[in-house]
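Asks: First the structure, then my questions, so here it is.
Bear in mind that the values in this text are calculations on the coordinates, not laboratory data. Here the structure is a predicted model, which is why all the values come from computation and not from measurement. Please note: Cβ atoms are built from the backbone with ideal geometry, for glycine as well, and neighbour counts cover all protein chains shown.
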Amino acid sequence: MRRGFLKGASLKSDSTAEKHNVIKKDNVDKYEILELLGTGNFTKVFRGFDKINKIDVAIKVAEKSRLISIRKEDEILNEKKICMMINDNPSKNVVKLLSTFSDDENLYLVYELCTGGELWEKILPIGLRPLTQAKFFLAQLLISIEHIHNLGIIHRDIKAENCFITEEGWLKLGDFGSSITINETKCSSTNCNSSCECRFLMRRGRREFKYYVGTPQFMPPESIRNKPPTKAVDLWSFGCTVFQVISGYPPYNAPSEFLVYCRILGNKLVFPPDFPEDAKSLVELLLRHNPEERPNIEKIKKHKFFEQIDFGRFLSEENFHFICPPTLKDICLISISKTGKKFEEDQISRLKASESVMKSIKRISFDLERNIYEGPRDSWIDEFPEFIKNDFACESDGNTPLHESSE
């Protein structure tokens with residue numbers, strides 16, 4: 001990764017920078033780059049080491065030439081602005097921005113490191129087990145959404161891939177590049193419609209949709225139609241994430257984005273046969289096409305699905321530990337060598353599973369390596385959960401925010 005950042009744009013060009021004094025200005029020499037953690041559409045995230053404070057951090061690097069070529073300059077600066085707003089009112093369920101700096105070729109955003117990885121890694125291939133643990137993480141996600149909504153921020157890309165787990169098992173919401181403030185969605189026109197200028201952006205002479213934002217499988221109908229977003233946008237995406245966490249895949253999947261949108265707009269929602277009834281009820285409420293009909297966060301907290309969760313303990317200063325769930329690689333007992341990218345057959349054989357299950361494990365692992373997974377394959381789904389229940393069930397330390405009637 002070359003050093004540098006945006007030509008003609010810098011951290012100082014952000015007019016909100018002077019309003020916030022919680023972000024430090026560093027330089028790349030303060031950090032040691034250790035390993036690549038992930039790659040986004042226009043950024044790379046590395047594990048880094050802060051030589052001054054002696055802590056591990058996550059460093060998001062955006063190459064300015066790449067940003068300019070895909071017209072994403074505003075998005076990375078917007079992420080910084082939103083994170084600075086959150087830093088003024090921090091939450092333990094939101095990833096904290098520690099520092100920002102730039103050089104001639106890149107912009108660097110330094111975040112606290114969540115060593116537990118993404119929630120997405122924990123739910124493959126059949127969803128998070130046991131269900132109490134799924135509720136534990138989803139409750140924390142709901143709290144993080146409530147927090148940013150109270151700050152006047154709409155995330156617009158809620159999904160398990162943007163939820164990060166700490167070493168202690170806490171969930172933190174991150175990746176605010178698509179976020180927007182509620183004030184930015186207001187229109188002065190008395191006749192705002194689909195052709196209103198408030199719904200479009202001009203970038204280098206090109207007219208673009210302003211509110212068509214998000215990941216296709218998690219976008220609500222109003223975003224697909226480029227309507228100004230409300231807080232209900234995040235509640236739709238939260239409903240999709242509830243489905244994703246419990247089933248292992250998003251509720252709306254198709255071979256192309258167009259077909260995904262067709263399924264969303266056509267309300268083509270199919271639940272797995274073993275999907276819990278209380279979770280199904282919640283998802284159906286959240287995935288209502290009319291955003292005004294979706295329940296608010298207080299009603300979601302009181303839904304039967306969350307009746308075992310003590311939200312007061314989440315919001316208190318009380319600390320407790322929850323063992324981080326295993327990833328698919330842990331469950332399958334598979335390790336992929338860094339050089340040969342080959343599965344270790346002897347480790348797979350230790351599962352003593354049927355031949356069909358063995359083949360499916362290899363296929364899923366291959367999908368995971370490519371960051372692609374769209375749901376269960378073949379007939380192994382009925383047999384595979386036994387391995388999780390018997391050998392890989394996640395446990396808590398007995399001090400979790402669940403009511404005494406928990407599962």
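Asks: Going by C-beta contacts inside 10 Å, put T115, T132 in order with the fewest on the left. It would help to have the intermediate numbers written out before the result.
Replies: On the way: T115 13, T132 16.
Placing the least packed residue first, the sequence is T115, T132.
Asks: Excluding E112 itself, calculate the net charge of residues whose Cβ lies under 10 Å from the Cβ of E112, where each Lys or Arg counts +1 and each Asp or Glu counts -1.
Replies: Taking every Cβ under 10 Å from that of E112, the sum is +1.
Asks: Can you sort E161, E35, E307, E277 by how many other beta carbons sit within 10 Å, fewest first? Present the calculation step by step, with values, prior to reporting the outcome.
Replies: Numbers: E161 20, E35 7, E307 13, E277 10.
Taking fewest neighbouring Cβ atoms as first place, the list is E35, E277, E307, E161.
Asks: Starting from the Cα gyration tensor of the range 122-182, take the square roots of the eigenvalues, sort them a ≥ b ≥ c, and report rounded, prolate or oblate (rounded when a/c is under 1.5, otherwise prolate if a/b is larger than b/c, else oblate).
Replies: In terms of gyration-tensor shape, prolate.
Asks: Between D278 and N150, what length comes free when the chain is fully extended (0.36 nm per residue of separation minus the Cα-Cα distance, one decimal in nm)? List each step's numbers first, then the result.
Replies: On the way: separation 128, 0.36 × 128 = 46.08 nm, distance 2.71 nm.
Here the segment from D278 to N150 would lengthen by 43.4 nm.
Asks: When the Karplus curve 6.51 cos²θ - 1.76 cosθ + 1.60 is applied with θ = phi - 60°, which whole-Hz ³J(HN,Hα) does each residue of the range 147-163 get, with x for Gly and Pro?
Replies: In residue order, the calculated couplings are 5, 5, 5, 5, 8, x, 10, 10, 6, 6, 8, 5, 5, 5, 5, 9, 10 Hz.
Asks: Pop the C-beta distance of N41 and L259 into the FRET formula with R0 = 22 Å and round what comes out to the nearest 0.05.
Replies: With a Förster radius of 22 Å, E is 0.55.
Asks: Stretch E168-T181 to full length: gain in nm at 0.36 nm per residue minus the Cα-Cα span?
Replies: Working it through step by step, the gained length comes to 1.6 nm.
Asks: Beyond 29 Å between alpha-carbons counts as too far, so tell me which of K44/K304; K96/K122; K44/K122 fall in that bin.
Replies: The pairs that break the limit, which is 29 Å between Cα atoms, are K44/K304.
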